[in-house]
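Colleague: Take a look at this one; I'll ask things after.
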Amino acid sequence: MKKTLFEGLLLIAVCMLLSACEKMPTDDEITTVENATLTLNVTTDGITPFGSTRAGSYWTHLNFVVYQNGSKVAGVNQAEGDDNYGHASMQLSPGTYQVLVLAHSSESNPTLTNPEKLQFTNAMGFTDTFYYYDGITVTSEPKTHNITLERATALLRFIIDDDMPDGISYLRFYYTGGSGALNARTGYGCVDSKQTVNIDADPAATKPYVFDLYTIPKEQQGSLNLTVTAYGEDGVEIVKERVFKGISIERNKITELKGSFFTESPNDDPNDNPSSPTSDTFVITANTEWGGTITQTY
């Protein structure tokens, strides 16, 4: 019994001795990790809006999103007219992230949870869309990243050369073959979309009548099938409807499809295919120059 007690007291003494020899850290030796400020700036210097006379920036919505390991960790959504429009700052712990910057003029923002499926819808509208997506390493060291946004869309410009009859209320454009959702990792469309755009007829307009339709190609080159329907004053009666198949499109290019819509020759087949034609700072610009025009007739 006495031996067991002695051994216990000896063990306690040894532990106390070791604890006394242990060096306690001072305040200067305690390291804390502080967040870094990630700043994103979009510049539109020298950009002339394409196909629009609207004053202001080239797009009306900007989405700044930061992802890590497939999950969204920070984001700022802006609309034209907001304070500091085009400039966003986020606090992030040092580490590796993926940054998305999306610029568009849809009525509302697409889903941004998954960078591989940025989904626009018919209700939002489809517009010229630009994006940037890449990995960055956030540190406490000041850095500046110069980034150019890339165009994700192809433009189908439908042109009517003949006179539009009186009483047309609107035209409906229904097209398939493209995508209303963008995979930011690849830069291409990622779903098979059924896109619909309704455009009111302008009684004061004169021929040629021009209608711009946007889609996100699922690869660099593709094709669309398009149904164009003109409705009467009541918005129900179909005055004219034509179908166009195999329209060539290409990302960052314009396809012009033009001809006489209302007064085609009796020998014309409307279903004939048309002929082929402590801060990180991002300074972001956009290349809005289209890569070329593909002209087709119907």
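The values are calculated or read from the model by the stated rules, or taken from the named source; none is laboratory data. If you're wondering where the values come from, they're calculated on a predicted model, not measured in any experiment. Every residue, glycine as well, gets a Cβ built from its backbone with ideal geometry; the counts of neighbours run over all protein chains shown. When the accessible area is computed, the model is the full protein with side chains, heavy atoms only, and any ligands, DNA or RNA have been set aside. Shrake-Rupley method; radii C 1.70, N 1.55, O 1.52, S 1.80 Å.
Colleague: Looking only at the range 96-114, filter to residues that are assigned to a strand (DSSP E or B) and of a type outside the set (A, V, I, L, M, F, W, C); which one of those is surrounded by the fewest Cβ atoms within 10 Å (Cβ to Cβ)?
Modeller: Thr96
Colleague: Consider only pairs whose beta carbons are under 6 Å apart and that are at least six residues apart or on different chains; among these, list those whose first residue lies in the range 116-130 and is over 30 Å from Asn69 (Cβ atoms) and whose second residue is among the β-branched types (Val, Ile, Thr).
Modeller: Every condition considered, the pairs that remain are Asn122/Thr196; Asp128/Thr153.
Colleague: Restricted to the range 201-221, and to residues that are at pLDDT 95 or above and assigned to a strand (DSSP E or B), which residue is most open to solvent (accessible area, probe 1.4 Å)?
Modeller: The residue in question is Val210.
Colleague: Within the range 184-200, is even one residue assigned to a loop (DSSP other than H, G, I, E, B), in contact with a strand residue (DSSP E or B) (Cβ under 9 Å, 6 or more places away or on another chain) and among the acidic types (Asp, Glu)?
Modeller: Yes.
Colleague: I've got another one for you. Could you list, in sequence order, the residues of the range 227-242 that are touching a Phe, Trp or Tyr at 6+ places or on another chain (Cβ under 9 Å), part of a loop (DSSP other than H, G, I, E, B) and at negative phi?
Modeller: Matches in the range 227-242: Glu237 only.
Colleague: With the checklist (1) touching a Cys at 6+ places or on another chain (Cβ under 7 Å); (2) crowded, with 23+ Cβ neighbours inside 10 Å in hand, flag the one item Lys117 doesn't pass.
Modeller: (2)
Colleague: Restricting to the range 213-239, name every residue that is more than 26 Å from Ala154 (Cβ to Cβ) and of a type in the set (Lys, Arg).
Modeller: Answer for the range 213-239, where residues must be more than 26 Å from Ala154 (Cβ to Cβ) and of a type in the set (Lys, Arg): there is none.
Colleague: Checking the condition at pLDDT below 95, open to solvent by less than 40 Å² (accessible area, probe 1.4 Å) and part of a strand (DSSP E or B), which residue from Leu224, Leu155 passes?
Modeller: Just one listed residue meets the conditions, Leu155.
Colleague: A further question follows. Any chance you could count how many residues in the range 125-152 are buried (at least 21 other Cβ atoms within 10 Å of the Cβ) and closer than 30 Å to Ala205 by Cβ?
Modeller: 6
Colleague: Please verify whether the range 118-139 includes one or more residues that are of a type in the set (Asp, Glu), more than 10 Å from the chain's Cα centre (by Cα) and modelled with pLDDT of 95 or more.
Modeller: no
Colleague: Would you point out the residue of the range 75-95, among those that are within 13 Å of Val65 (Cα to Cα) and open to solvent by 80 Å² or more (accessible area, probe 1.4 Å), that is modelled with the lowest pLDDT?
Modeller: Within the range 75-95, the match that is modelled with the lowest pLDDT is His87.
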